[in-house]
Each structure stands twice: as structure tokens, then as C-alpha cells.
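Notes for the one structure printed next.
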Amino acid sequence: MEIHFTKMHGNGNDFILVDEYETIVIPDEMKAEFAEIYCNRRFGIGGDGVLFLSRSEEADLGMRLFQPDGSEAEMCGNGIRCLAKYAYDQGYVRKSCTVKTLSGTIPVECGYRDDAFFARIRMPDPKFQRPEIPATGEGEYREEIGGSVVYAVNTGVPHAVIFVENLDEVDIGSLAPPVRHHQTFPKGANVDFVQQAGKDMLRVRTFERGVEGETLSCGTGATAAAAVAHHLGLVGPRVEVETEGGPLAISFEDGTWMEGPATTVFSGAITF
């Protein structure tokens, strides 16, 4: 028996993609365990998550994302770009499509520019009210945790945003977990450390729940950082966000949009 997969990344945020467009490959009750085993970078394939691509009755494509700890994420901006590239290359979709996620149906515009694949994603509009994040209490979220001022927003998944003077001096491994697991976040939160790098420019590093560590890029995190900065009047409606793995363009004109690349690394098969 063989299970075919494709390894992909969006700005270094890497995924194992399993194509279930025609038939289920991994039974639903085994998807979490599959992710735990094969996301391992020593004993598996390695990745920040496993993307399962399927058909959907409500959209052109369906996407489920299981993370290295076996949890299922509501959505993933970088993951949707990778899923769109794979589907585009396979001929499942053309220049525009929709992707059904646990956070709703996401419109995507995609294609190649000079042999590089780019996708523009209509992200969920930022939710700043605590019940929608979710976070305990009422109103917008602003708390002091461990000496840091923390803002929170949901851009498809919960994010806690912390502004810093120098991103290079941030010890994410020690500073992020108390925020990620803070009692005010009943479902936990990704944690984004943000430095304003210029007019309408941000640098972001993200600690992701489910991965339980820093990833090279996070699409919902870049959107969250830009959304909070825009909400506070620090940036305009078009923001360039530099992640550790590369840039993403975020726009709040006519909706919330994220644009960035996706890359296929290799394909292979797991043989039993």
C-alpha cells in the first residue's frame, strides 16, 4: 500500500498535502494521528501541518488542516495558498476558486507570474470583540500579560498581538507560551510579535498553537498583525508584512486580502 503526498510551503510555512479529491486516503478518525506521526521532522516527513484536499458541496475545494500535535486548525492562510497551487497544477481549479474551511468559505484568486505561483486570499474580516476571538469578557481585547501589552483579534483563528521595539531581541520560546495558554483564551491563541519597520511596513514573528513553536511564516498572523496595527492607526489600508520566510501583502480595501507565494518542494509516497 502507498500513500502519495506532496510537500509544499508558503514562505517557509511547510505542509504535507494529501489529495483526497477523488477518494478518501486517510480515514477521518486517523487524520490526527497521521499528522502527529508524519509532521515529525526526525521520524516522519516533516511539516507544520497536514493539508487534506477534498471536494466540497459548498465550494470548489475543501480543506482540513491537522497540526503536529494532532489538533485541527480552523484555517490557515499559507496553507490555502499551497492547496490552491496544488489544485491549480492538477487542473482542479483555474484562476479563481473557493475553499471550504472550518472558518467558512474562502475566495481565492491565483495563477503564475514569471514561473512563480501567487495567490490572493479573501481572508475572514478581523473580529476584535472578545466573544468572537474567543476570549473571556466583553469588548475589545487589551490585557497586560507578563509585562507586555497584548491585543487580540480573530483572522480565521485566534491571535494575540504584541508590539516590540526590536524583533531580533525577542525570546519567543519563553515569552510566547504564557500568552498562548493564557486563561483569557479558552481555545488558546497564536502569538505574534510585531515591529513597525517603516510606513505601512511591519515585521512579524509568530508562535503557532498546534505547532507549539515559531514558524517561518503565518498568513493569519500577518493578517492579524496588520489588522491590529491598522485598527490602532499605525498603518494604512495596504500593509507589507515581512515574515521570517518572506513578505506577504495585506490589504483592507474592499475586504481583507492577503497575497503571497506558494511552492511545491517534492512529491513522494509512504509505503506500507
>> Return the residues of the range 254-272 that are modelled with pLDDT of 95 or more and surrounded by fewer than 19 Cβ atoms within 10 Å (Cβ to Cβ); say none if nothing qualifies.
In response: Gly255, Trp257, Glu259, Thr263, Thr264, Val265, Phe266, Ser267, Gly268, Ala269, Ile270
>> Here are the criteria: (1) closer than 24 Å to Leu216 by Cα; (2) of a type in the set (D, E, K, R); (3) surrounded by fewer than 20 Cβ atoms within 10 Å (Cβ to Cβ). Tell me which single one Glu138 does not satisfy.
In response: (1)
> Among the numbered criteria (1) surrounded by fewer than 20 Cβ atoms within 10 Å (Cβ to Cβ); (2) in contact (Cβ under 8 Å) with a residue 24 or more places away in the chain; (3) of a type outside the set (Val, Ile, Thr); (4) not assigned by TED's automatic domain parsing to the domain that holds Tyr86, which single criterion is violated by Ala176?
Replying inline: (1)
>> Exactly one of these conditions fails for Val239: (1) buried (at least 20 other Cβ atoms within 10 Å of the Cβ); (2) farther than 19 Å from Ala152 by Cα; (3) of a type in the set (A, V, I, L, M). Give me its number.
In response: (2)
> In the set Tyr141, Tyr92, Tyr86, which member is touching a residue at least 24 places away in the same chain (Cβ under 8 Å) and over 18 Å from Leu61 (Cβ atoms)?
Replying inline: Tyr141
>> Quick check on my filter: what residues within the range 214-236 are among the β-branched types (Val, Ile, Thr) and surrounded by fewer than 24 Cβ atoms within 10 Å (Cβ to Cβ)?
In response: Thr215
> Which condition number in (1) under 17 Å from the mean Cα position of the chain (by Cα); (2) touching a residue at least 60 places away in the same chain (Cβ under 8 Å) is the one that Ile270 fails?
Replying inline: (1)
> Across the range 155-169, which residue is farthest from Thr105 (Cα to Cα) among those that are buried (at least 24 other Cβ atoms within 10 Å of the Cβ) and free of Cβ contacts under 8 Å to residues at least 60 places away in the same chain?
Replying inline: Ala160
> Are any residues in the range 131-147 modelled with pLDDT of 95 or more, over 23 Å from the mean Cα position of the chain (by Cα) and small (Gly, Ala, Ser), and if so, which ones?
Replying inline: Gly137, Gly139
> Got at least one residue in the range 50-70 being over 20 Å from Tyr112 (Cβ atoms), in contact with a Phe, Trp or Tyr (Cβ under 8 Å, 6 or more places away or on another chain) and in contact (Cβ under 8 Å) with a residue 60 or more places away in the chain?
Replying inline: no
>> Take residues that are farther than 30 Å from Phe43 by Cα and touching a strand residue (DSSP E or B) at 6+ places or on another chain (Cβ under 8 Å) and tell me which of the strands (runs of 3 or more DSSP E) falling wholly in the range 153-272 contain 1 or more.
In response: 158-163, 190-198, 201-208, 238-243, 246-251, 256-261
> If you scan the range 37-49, which residues turn out to be surrounded by fewer than 24 Cβ atoms within 10 Å (Cβ to Cβ) and either without any contact (Cβ under 8 Å) to a residue 12 or more places away in the chain or among the hydrophobic types (A, V, I, L, M, F, W, C) (or both)?
Replying inline: Ile37, Arg41, Arg42, Phe43, Gly44, Ile45
> Picking from Cys82, Cys110, Cys97, which residue would you name as being assigned to a strand (DSSP E or B), in contact with a Phe, Trp or Tyr (Cβ under 7 Å, 6 or more places away or on another chain) and either surrounded by fewer than 16 Cβ atoms within 10 Å (Cβ to Cβ) or not basic (Lys, Arg) (or both)?
Replying inline: Cys110
> Which of the residues belonging to the range 4-63 are assigned to a loop (DSSP other than H, G, I, E, B) and of a type in the set (A, V, I, L, M)?
Replying inline: Ile24, Val25, Ile26, Ile45, Ala59
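The values are calculated or read from the model by the stated rules, or taken from the named source; none is laboratory data. The shown structure was predicted, so the numbers you read here are calculated from the model rather than taken from an experiment. Please note: Cβ atoms are built from the backbone with ideal geometry, for glycine as well, and neighbour counts cover all protein chains shown.
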